[in-house]
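Notes to accompany the following structure.
Please treat every number below as a calculation from the coordinates, not as lab data. Everything quoted here is computed from the prediction, not taken from an experiment. Note that each Cβ is placed from the backbone with ideal geometry, even for glycine, and that neighbours are counted across all protein chains shown.
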Amino acid sequence: MKIIIINGPNLNLLGKREPTIYGSETFEDYLMELKARFPEIELTYFQSNIEGELIDKIHETGFEYDGIILNAAAYTHTSVGIGDAVKGVSTPVVEVHISNVYERESFRHTSYIAPNVKGIVAGFGMQSYALAIRSFLD
Ligand code: DQA
């Protein structure tokens with residue numbers, strides 16, 4: 001099974017960025033844990049701060065992979081383009097957030113991605129990604 005994790009803007013700073021909200025682990029370290037935990041999955045990772053690059057990666061993988069785990073970060077709340085990309089591909093997408101966006105500022109309560117995803121996992125810290133992977137296995 002081929003799954004890609006796509007992370008959006010500022011998530012390259014995980015480990016350094018607002019650790020009280022996002023924790024102190026880098027994504028690269030967490031990815032190694034995920035790969036060890038799910039050895040049966042071919043897990044790829046992509047991160048970009050650029051909206052168009054995220055859209056390109058959704059197009060590139062969205063007819064080939066078995067699952068996309070997408071944390072579009074701030075673009076979740078603003079990007080019609082990413083929402084349309086998710087709608088346009090056939091691979092199921094799970095929306096992920098490290099924090100519980102619904103207990104935060106009201107602008108984080110809107111998602112342009114949510115209407116077209118298989119499901120949403122939010123608020124479990126980095127574990128949100130592991131739970132999203134599990135959703136493809138069960
Ligand atoms: C986030 C939540 C977003 O509101 C925020 O802009 C992020 C990260 C999360 O994983 O909790 O950058 O997607």
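Under the Kirkwood approximation applied to all pairs of distinct alpha-carbon atoms, what is the hydrodynamic radius of region 1-49 in Å?
On the way: mean 1/r = 0.0866 Å⁻¹.
This gives a value of 11.5 Å.
Using only Cα atoms, what is the ratio of the radius of gyration of region 23-92 to 2.2 N^0.38 Å? Let's see the in-between values first.
Working: Rg = 13.2 Å, N = 70, 2.2 N^0.38 = 11.1 Å.
Against the empirical 2.2 N^0.38 Å value, I get 1.19 for region 23-92.
Protection proxy ranking for 56-62, 37-43, 66-72, using the average of other Cβ atoms within 10 Å per residue and placing the highest first: 66-72, 56-62, 37-43. Only lysines eight or more places from Lys87 in sequence, or on another chain, were considered; those with a Cα closer than 29 Å are Lys2, Lys35, Lys57, Lys118. With the simple spin-label model, which puts each label point 7 Å out from Cα in the Cβ direction, the Lys87 to Phe124 separation comes to 2.9 nm. Counted over the chain with a bin width of 10 Å, the fraction of Cα pairs per bin, in whole percents, is 12, 48, 35, 5.
Backbone geometry of region 52-68 corresponds, through the Karplus equation with coefficients 6.51, -1.76 and 1.60 at θ = phi - 60°, to 3J(HN,Hα) couplings of x, 5, 5, 5, 4, 5, 5, 4, 5, 9, x, 10, 10, 7, 8, x, 10 Hz, x marking Gly and Pro.
With the simple spin-label model, which puts each label point 7 Å out from Cα in the Cβ direction, the Glu33 to Ala74 separation comes to 2.6 nm. In this simple spin-label approximation, Lys16 and Arg134 carry label points 7 Å from Cα along the Cα→Cβ vector, and these lie 3.2 nm apart. Note on Glu60 and Glu105: the extension gain reaches 12.9 nm, defined as 0.36 nm multiplied by sequence separation minus the Cα-Cα distance.
Give, rounded to the nearest 20 debye, the magnitude of the charge dipole that the chain has about its Cα centre when Lys and Arg contribute +1 at Cβ and Asp and Glu contribute -1 at Cβ. Provide the component values of the computation, followed by the final result.
Details: 11 positive and 18 negative charges, 50 e Å.
The calculated dipole for the chain is roughly 240 debye.
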